[in-house]
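Undergrad: I am attaching a structure below and will ask some questions about it afterwards.
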Amino acid sequence: MQQITLAEASQHLSELIEAAINGEEIVIVKDNQPIAKLVPFKRGRRAGSAKGLVTMSDDFDEPLEDFKDYM
């Protein structure tokens, strides 16, 4: 976590945003008190985004060979 003054933050905003994109948390301070935190934006999950990536075999619900003695 990096701490930076408000004056420095205003001068180096594009560099701080790049650091946040790369996962770094930046705390902006004024009069030695934290006033804001710059963190990367986390995108939420999207319904259907894994469509076509998950497959299930045709015999998914068939009994397993190893358990035939228990059935």
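Undergrad: If you check residue 67 against the conditions, is it of a type in the set (A, V, I, L, M, F, W, C) and under 18 Å from the mean Cα position of the chain (by Cα)? Even if it seems obvious, please write down each step before you answer.
TA: On the way: of a type in the set (A, V, I, L, M, F, W, C): yes; under 18 Å from the mean Cα position of the chain (by Cα): no.
Answer is no for this residue.
Undergrad: Got a number for residues in segment 34-71 being more than 15 Å from residue 5 (Cβ to Cβ) and either surrounded by 10 or more Cβ atoms within 10 Å (Cβ to Cβ) or of a type in the set (Val, Ile, Thr) (or both)?
TA: Residues of segment 34-71 that are more than 15 Å from residue 5 (Cβ to Cβ), as a first pass: 39-71.
So of that shortlist, the ones also either surrounded by 10 or more Cβ atoms within 10 Å (Cβ to Cβ) or of a type in the set (Val, Ile, Thr) (or both) come out as 39-40, 54-55, 63.
Adding up the residues that qualify gives 5.
Undergrad: Another one. Please verify whether segment 12-33 includes one or more residues that are in contact with a Ser or Thr (Cβ under 9 Å, 6 or more places away or on another chain), hydrophobic (A, V, I, L, M, F, W, C) and surrounded by 12 or more Cβ atoms within 10 Å (Cβ to Cβ).
TA: yes
Undergrad: Right, here's the next one. Residues to consider are 68, 51, 30, 42; find the one that is closer than 30 Å to residue 11 by Cβ and out of contact with any helix residue (DSSP H, G or I) (no Cβ under 8 Å at 6 or more places or on another chain). Step through it out loud before you land on a result.
TA: On the way: 68 fails: closer than 30 Å to residue 11 by Cβ; 51 fails: closer than 30 Å to residue 11 by Cβ; 30 fails: out of contact with any helix residue (DSSP H, G or I) (no Cβ under 8 Å at 6 or more places or on another chain).
Going through 68, 51, 30, 42 in turn, the sole match is 42.
Undergrad: Just a yes or no: is a residue in segment 29-49 among the β-branched types (Val, Ile, Thr) and under 18 Å from the mean Cα position of the chain (by Cα)?
TA: Narrowing segment 29-49 to residues among the β-branched types (Val, Ile, Thr): 29, 35, 39.
From the residues that got through so far, the ones that are under 18 Å from the mean Cα position of the chain (by Cα) too are 39.
Among the residues of segment 29-49, at least one is among the β-branched types (Val, Ile, Thr) and under 18 Å from the mean Cα position of the chain (by Cα), which makes the answer yes.
Where a number appears in this text, it was derived from the coordinates with a stated rule and is not lab data. Predicted model, so just to flag it, every value in this text is computed and none were measured. Cβ coordinates were reconstructed from backbone atoms using ideal geometry, including for glycine residues, and neighbour counts include every protein chain displayed.
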